[in-house]
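Sharing a structure here in structure tokens format.
The values are calculated or read from the model by the stated rules, or taken from the named source; none is laboratory data. Source: prediction; values computed, not measured. Ideal geometry is used to build each Cβ from the backbone, glycine not excepted, and the neighbour counts take in all protein chains shown.
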Amino acid sequence: MDPVTAVAAAGVALVVKGALESAGQEAGRSGWTGGVRLSERIRARFRGDGSAEAALDQVARTPDDENARQDLERVLTAHMLLDRGFEHEMRRMVDEAVAAQGKGAQVNAALIKTAQVFNEKVEIKGDWNIS
């Protein structure tokens, strides 16, 4: 997975997380509101692009829909490739999200599904439970 696509995938996962938290399905699980903030920034970027706005709205309505997630990821990737400034902003926001969730962060496989993430070094401290 190329770096732009990886940022888009992470961005979509954060949008989904924000949509779930906004809907109250994960209320109280996180005090972080970056998913909503990221969604608002993406919405501002997509303004005037009907198909892009529809892709974002579909994920907001049905965050569990894998096809909607993939559509949003493709549109977000395209917008980032067209505007390097927007790409850098998305990278910064995703990095901030990772940093904000760094302490006690949990990986939710339902959000990540088949995304591939490449890291140079991974350290795990504390309890590690796989179920």
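If Glu26 satisfies every condition in (1) modelled with pLDDT of 95 or more; (2) not in a helix (DSSP H, G or I) but one, which is the exception?
(1)
Of the residues Val75, Val107, Val98, which is modelled with pLDDT of 95 or more and either among the β-branched types (Val, Ile, Thr) or in contact with a strand residue (DSSP E or B) (Cβ under 8 Å, 6 or more places away or on another chain) (or both)? Give the derivation first.
On the way: Val107 fails: modelled with pLDDT of 95 or more; Val98 fails: modelled with pLDDT of 95 or more.
Every option except Val75 fails the conditions.
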